[in-house]
Amino acid sequence: MRESVKHRLIGAAVLAAIAVLFLPSFFKDRQQYQVDTSSQIPGRPSITAVDFNEPTRPEGIEPAPAPETMFLPDESEAVPAAQIPPPEQAAVAAEVASSNKSISSSSTTSAASVPVMPLNAQGLPDTWVIQVASLSAQAAANKLRDQLQADGHKAYVRAVPGASATTYRVFIGPKQDKAEAIAIKTQLDKRLKVNSLVLPFKP
């Protein structure tokens, strides 16, 4: 057999193999697909509308006081000077209170070992605030508050209207430990040259 005929037969076989491989996919791509147009979304649920009545205020309830008038203790209930220890004892009490806090925070205690705090007639524990100063200028009171907050104290200002003018009292607290509150009072009196008061906290 001539070489030319042999080459032609080989070429025809290769073309036939290529046709067998690619023609089915060519015709398959040209087939038309039928899209399912039926919706798969469930039907609308049956919901019954419910009408809510406007809220009504119960009778006999006093309105809440304005925030700026809350947490304002009475100066007449200040801790007497006879109960204020000397500065040396107050410093020792402050150190003991801080050491007790560090120990309690670093060690995990069980619920049974937590001491029970005595409660007052309202069922709340007695807490205390320190009235650092009573100033006539609001700007000065806010400046002192910011200074105390920068020192790490929880300080706030309350305006107290008077007969002729409004005074602005600066407080620190509340503190659960009365001895700690007295120790802070002693430190502030010495550092700021004031005569602060330790008062019971009334929420």
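The values are calculated or read from the model by the stated rules, or taken from the named source; none is laboratory data. Keep in mind the model is a prediction, meaning the values are calculated, not measured. All Cβ positions, glycine included, derive from the backbone under ideal geometry; neighbour counts span all protein chains shown. Accessible surface areas use protein heavy atoms only, side chains included; no ligands, DNA or RNA. Shrake-Rupley method; radii C 1.70, N 1.55, O 1.52, S 1.80 Å.
Among the residues of the stretch 175-203, what is the count of those that are modelled with pLDDT under 90 and touching a Ser or Thr at 6+ places or on another chain (Cβ under 6 Å)? Result for the stretch 175-203: 2.
For every residue, the table says whether it meets (1) modelled with pLDDT under 75; (2) part of a helix (DSSP H, G or I); (3) loosely packed, with under 10 Cβ neighbours inside 10 Å; (4) in contact with a helix residue (DSSP H, G or I) (Cβ under 9 Å, 6 or more places away or on another chain).
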position: R8; (1), (2), (3), (4): no, yes, no, no
position: A17; (1), (2), (3), (4): no, yes, no, no
position: V20; (1), (2), (3), (4): yes, yes, yes, no
position: F26; (1), (2), (3), (4): yes, yes, yes, no
position: Q32; (1), (2), (3), (4): yes, no, yes, no
position: S38; (1), (2), (3), (4): no, no, yes, no
position: V50; (1), (2), (3), (4): no, no, yes, no
position: I61; (1), (2), (3), (4): no, no, yes, no
position: F71; (1), (2), (3), (4): yes, no, no, no
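From the list T127, T167, exactly one residue is of a type outside the set (A, V, I, L, M), modelled with pLDDT of 90 or more and under 20 Å from P67 (Cα atoms). Which is it? It is T167. Report yes if some residue within the stretch 175-185 is closer than 13 Å to L135 by Cβ and surrounded by fewer than 18 Cβ atoms within 10 Å (Cβ to Cβ); otherwise report no. Checked the stretch 175-185: no residue is closer than 13 Å to L135 by Cβ and surrounded by fewer than 18 Cβ atoms within 10 Å (Cβ to Cβ).
Annotation note: of K154, K190, K143, the sole residue that is within 29 Å of L119 (Cα to Cα) and either open to solvent by 80 Å² or more (accessible area, probe 1.4 Å) or charged (D, E, K, R) (or both) is K154.
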